[in-house]
1. Kindly list the number of the only condition in (1) over 21 Å from the mean Cα position of the chain (by Cα); (2) under 19 Å from residue 141 (Cβ atoms); (3) among the aliphatic types (A, V, I, L, M) that fails for residue 91.
2. Tally time: how many residues in region 368-407 are touching a Pro at 6+ places or on another chain (Cβ under 7 Å) and open to solvent by less than 50 Å² (accessible area, probe 1.4 Å)?
3. So if I check each of 221, 195, which one is out of contact with any strand residue (DSSP E or B) (no Cβ under 7 Å at 6 or more places or on another chain) and among the hydroxyl-bearing types (Ser, Thr, Tyr)?
4. So how many residues does region 134-176 have that are under 12 Å from the mean Cα position of the chain (by Cα) and part of a loop (DSSP other than H, G, I, E, B)?
5. Among the listed residues 454, 442, 448, 459, which satisfies the condition of being farther than 25 Å from residue 152 by Cα, of a type in the set (A, V, I, L, M), touching a residue at least 12 places away in the same chain (Cβ under 8 Å) and open to solvent by less than 10 Å² (accessible area, probe 1.4 Å)?
6. Looking for whichever is open to solvent by 10 Å² or more (accessible area, probe 1.4 Å) and either over 24 Å from residue 60 (Cβ atoms) or over 20 Å from the mean Cα position of the chain (by Cα) (or both) here; the options are 124, 98. Which one fits?
7. Considering each residue of region 1-38, count those that are within 21 Å of residue 139 (Cβ to Cβ) and in contact with a strand residue (DSSP E or B) (Cβ under 7 Å, 6 or more places away or on another chain), and give that number.
8. Would you confirm whether or not region 192-210 contains a residue that is surrounded by 20 or more Cβ atoms within 10 Å (Cβ to Cβ), assigned to a strand (DSSP E or B) and within 16 Å of the chain's Cα centre (by Cα)?
Amino acid sequence: MQLVHAFGDDALGNSDALGLVERLQSGEVSPVELAEAAIARAEAVNPELNALAYRAFDQARDAAKRGGSGRFQGVPTFVKDNVDVAGMPTMQGTDAWQPHPAAADGDFAKLYRNTGLIALGKTQLSEFGFSASAEHPRLGAVRNPWNTDYTAGASSSGSAAFVAAGVVPIAHANDGGGSIRIPAACNGLVGLKPSRGRLPLDKDLRAMPLRIVFNGVVTRSVRDTAAFYAEAERISRNTGLAPIGDVRGPSTQRLRVAVTAQSIARETSPEMRELTLKTAALLEELGHHVEYLDQPPVPASFADDFLLYWAFLSTALVKGGRRMFGPSFDRTRLDNLTLGLDRHATRQLYRLPLAVARLASVRRRHTSRLYGDYDVALTPTLAHETPRVGHLDPTADYEQIIDRLMAWVTFTPLQNVTGEPAISLPLAESAAGLPVGMMFSAPVGQDARLLELAYELEAAKPWHTIAERA
């Protein structure tokens, strides 16, 4: 076991993002000092964590010297390597083609930079974000800073590992089946997947038949997540959604909470079930009304339909690789999970139209059946404890990988289909001493409700950073 972190007596200290904003405004630290400290921290821990996909350190130094505007002006960050950032390549967690710097920021990067955050580079992910563990056969595994024998989760693994390890206080993440919430759960972070349409998507993601991918951030504190969404909303608000506003604390409203530790597809481990029930008991102690459900009101076909759609996305990338990524694209360099998903979709392509139609109807059914009676739903973020590196080895047989993946990631895909907001909070700890996430979801547009509840739970049961554990 090896616990890895970069917290120390430098310009970053132990501050969260808003703490750094306060210190910047007082003149205690400068953007240049913060950038240099974060660069040093990244270089110190990356050999053990393997979280870094691309260094843009000189670019960040220049940005820190120039200054700018935005609530987070001068705070260092990283961007996940599946959105376009000007001057940086976008490699999607693979090495199957020759990288080329993006000519311009994508739609999300434009907003992200306008918050004042300074990107030091890009972070690693699983290949195309398909796996819940980043363990590329040539790029290596992204390891959990709480214990490097274990995975950091995925697909936003590098971002989560760096935030948990203290390299930066906030980093970009995105989520197509749990990829904000899964690494947040594994690394002891706050991870909110927002409502559909809350944050912009790059062009390629907007073109998906079902928009299941959502941009967001991972942070160590609720207030950092809330402040990011308030600032993003100030810059560009989707008027079709209820506003989040600047949420700064809990609500006095007591909520009706539906609790289930059973997914529709696979069994939940006894430990995850027990920790979920303990979280439910905490909610009752806080005065919320809790009711227990046998399982989510989701059709039995959901897991197979989602897998087929997920696999279809792989087929689009594998078959269209040369058109998308250029003539250097080499499908033989793709991992077994990506190629296996392609085969799965190709063999069952005739089922895809019906699967997509059923998935599109889930939002209406789920909302009417669940949120007519409840304000919030609670489940574990993941069905089992965080696995060791190698459990989801992408060089293994596809059937083994997909079986293990679906057994672990059974709760998070639902909100990607429905568009509902969901947040993972590090409210528990496994017997192995690793963080465990609890997930709360709410109706579309009620992101603020989740943030208010998160503030309340953070105060009632504060979670520790690695610096406090070390």
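The values are calculated or read from the model by the stated rules, or taken from the named source; none is laboratory data. Please read all numbers here as calculations on a predicted model, not as lab measurements. Note that we place each Cβ from the backbone using ideal geometry, even for glycine, and neighbour counts take in every protein chain shown. Surface accessibility is based on the protein's heavy atoms, side chains included, excluding ligands, DNA and RNA. Shrake-Rupley method; radii C 1.70, N 1.55, O 1.52, S 1.80 Å.
1. (1)
2. Taking region 368-407 as the starting set, the residues that turn out to be touching a Pro at 6+ places or on another chain (Cβ under 7 Å) are 369-371, 394-395, 401.
Now restrict to residues that are open to solvent by less than 50 Å² (accessible area, probe 1.4 Å): 370-371, 394, 401.
Matching residues across region 368-407 total 4.
3. Working: 221 fails: out of contact with any strand residue (DSSP E or B) (no Cβ under 7 Å at 6 or more places or on another chain).
The match here is 195.
4. The number of residues fulfilling the criteria is 6.
5. Just a single option satisfies the conditions, and that option is 442.
6. Answer to the selection: 98.
7. 0
8. yes
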